[in-house]
Amino acid sequence: MKKLISKMKVFHLIMLCIAGAIIISALPFKTQYSNIYINVTTTIEEASGSDQNKALGNDQSYLFDLFEDVQASGFVDNEGKIFEKDFNKYYKVQVYEFQNNLNDLNNLILWYGIIALIGVAFLYIFANNSRKIYYKSNVLVSAAFTLFMVAFGLVVLIKSFSVMSDFNSNSELYNIVSVMQNQSYASEAYQYASASSNASLDYLKNAYDCDSLTFIVYDIIFVAVIIYSVFLFILSIVKFNATADRRKELEKVVTVND
């Protein structure tokens, strides 16, 4: 334990780097899922006929046309009927809700990093990283930091599990939307998919690139950050107890001088 206590500067520096990394990582978090979006104000007619939408890169005509073909054919895969509901009334809303939930999760990750950074700043202000003798104030600020990191970390984890569960349950839908929203090959993908006698979506599967890996990686990171925060708190208690004798000696000197 003495060796661990002697490395308090290093451990706090690591926590500072972690906080910064969380903030930075929130910027590209949605990269894998960036094409899973829907313009809820766009109708099929507007999407297919609006040059303005195409100019803005928001053309969704291929996406709507594909699902029109799928619904008309009553598409059936090996596991049974899928995408049989009206896209505008059901799947469009589902994709939009996923998009919003993903945005909310992204914001939570960003705030988690900001809270971590503020918390580490307080640890440095109270010199938890460098003080040779720990006082109650050091333990209290460490406890507050750990409490916030654990509580907010659990909130982020719960939200992440919820969004990941939604993705896993509807991965086929979200991958198809992602493919059809990719302007670089949406036209070609639509031509292949609609060419089949039953508008088979199997043609699109080679272009699928969305999975739950990003969620899993972040969940592991959140758990690791929570554990590390608890580790810092335990070390603060250990150091507080380890420096008890030196603290009492210093208090006696102060009392005598008074």
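Only the coordinates and a few stated rules stand behind these numbers; no lab work does. As the structure is a computational prediction, the values presented were derived from the model and not from experiment. A quick note on method: Cβ atoms are made from the backbone with ideal geometry, for glycine too, and the neighbour counts reach across all protein chains shown.
Things to note:
- Any hit, the range 153-172, residues being of a type in the set (A, V, I, L, M) and in a loop (DSSP other than H, G, I, E, B): no
- Enumeration of residues in the range 134-154 that are among the hydroxyl-bearing types (Ser, Thr, Tyr) and free of Cβ contacts under 8 Å to residues at least 40 places away in the same chain: Ser137
- Hey, Asn168 polar (S, T, N, Q) and loosely packed, with under 14 Cβ neighbours inside 10 Å or not: yes
- One residue from Ile237, Ile227, Ile220 being assigned to a helix (DSSP H, G or I) and closer than 22 Å to Leu102 by Cβ: Ile220
- Residues of the range 211-239 that are more than 23 Å from Ala143 (Cα to Cα) and either among the basic types (Lys, Arg) or surrounded by fewer than 15 Cβ atoms within 10 Å (Cβ to Cβ) (or both): Asp211, Leu213, Ile216, Val217.
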